[in-house]
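First the structure, in the form of structure tokens, and then the observations on it.
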Amino acid sequence: MILLPNKQDIYSREELRCLITGSALYSGMDAMPEDVRSAVVNLLYNKSGFFASRELFEQMTIGGRFTPQSMDNLAAISNIFQLIHEEAVDGGPDQNAARRVMQMISQGSHIAETDAYLSGFYAKYVQTRTA
Amino acid sequence: MGIRPAAGSVKRMLMIDSETTGLGALSRIRSLSSTGITVRDNGGINIGDTRSRVFFRQPGMEGGLIRIPTTGEVVSLGQGLPGQEIPAGAAADIIDVVVNPEQARTRLAQELTDYLSYDAIAFKNARFDVEQLMTTARSMPGFETDQNLKQALTAFSERITNDPHFIVDVDFSGRVYMRKKNTRKNARICCTSNT
């Protein structure tokens, strides 16, 4: 089973490896309790600018296209379209909706009808796939 | 997503998305669409058909291009909407707020009222879309004297205030999901980086 953020995992792992290697923080982090270390890594990850700049994180409440998890960004960092395509081709429970959104996306995103469908599929995969 | 019906029942939800004329204080909704979703008692989700789609031609939108929802055709807003350039059948979805404010107010009131008939409504980045919905309603020409739209907006406001499960933010759920995923993965990197 392919999990939604697999692509994101690969990128974040590599990003963090680059970030941590050679850093003065590295040796210090070794001695940290696991939960603290995890929190620091998350902090580094969020500050790394991988998703988006810090400024954009601070402006999450503004329009959808500027959030780190806009449909554009989700398409880039996850396999959501692969999952939708599989559902359209393999006859998943939402095959008709999947086929419809595959047709609609060819006409572009930032169209309310298209993005409503995409948000629906995003919600579905977040809800039904193991984190 | 924080919404799960009792055993043996389902919940009806709407996934709503809006496109706006901008991001600032003066921005308004120019395109609004909703898709029906059914949430089952096992947490599963089924995605239905498009329930509604409407295009509000707001003041200042004399330029640009739009896609006609029913045909997929791309037309210039400079052509004037709604009008003969718009294919038959599409006009009902496209309302010029300046030329026909009453139709725009009536349609938005219908949308808001219809949302209330669902167990929950979901947005991606809910705060922005909900604020835009309410701002767009209040900025409609003639809002001050339109009791129908005022009542619909009041009912909508009361519902989102009093029913904590009514608004679902898919972005929030997504962030929690990805944070869990990343925390697990990042912890593994740290734990294994010394070996």
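Read the figures in this text as sums done on the coordinates, not as results from a lab. Treat the numbers as computed from the prediction; the structure is a model and nothing was measured. Using ideal geometry, Cβ is built from the backbone for each residue, glycine included, and neighbour counts are taken over all protein chains shown.
For the reader, a short list of remarks on this structure follows.
- Taking other C-beta atoms within 10 angstrom as a stand-in for reagent exposure, B:Arg127, B:Arg184, B:Arg57 fall in the order B:Arg184, B:Arg127, B:Arg57, fewest first.
- Calculated from the alpha-carbon coordinates, the stretch B:3-55 shows an Rg and a Dmax of 14.9, 46 Å respectively.
- Neighbour-count order for B:Arg53, B:Arg30, fewest beta carbons within 10 angstrom listed first: B:Arg53, B:Arg30
- Residue exposure sequence - B:Tyr118, A:Tyr117 - by fewest surrounding Cβ within 10 Å: B:Tyr118, A:Tyr117
- Coupling constants for the stretch B:111-124 follow from the phi torsions by the Karplus curve (6.51 cos²θ - 1.76 cosθ + 1.60, θ = phi - 60°), and in residue order they are 4, 4, 5, 5, 4, 5, 7, 9, 5, 7, 10, 10, 10, 9 Hz; glycine and proline get x.
- Amide H partners (placed H, <5 Å) of B:Arg28, local residues excluded: B:Thr21, B:Gly22
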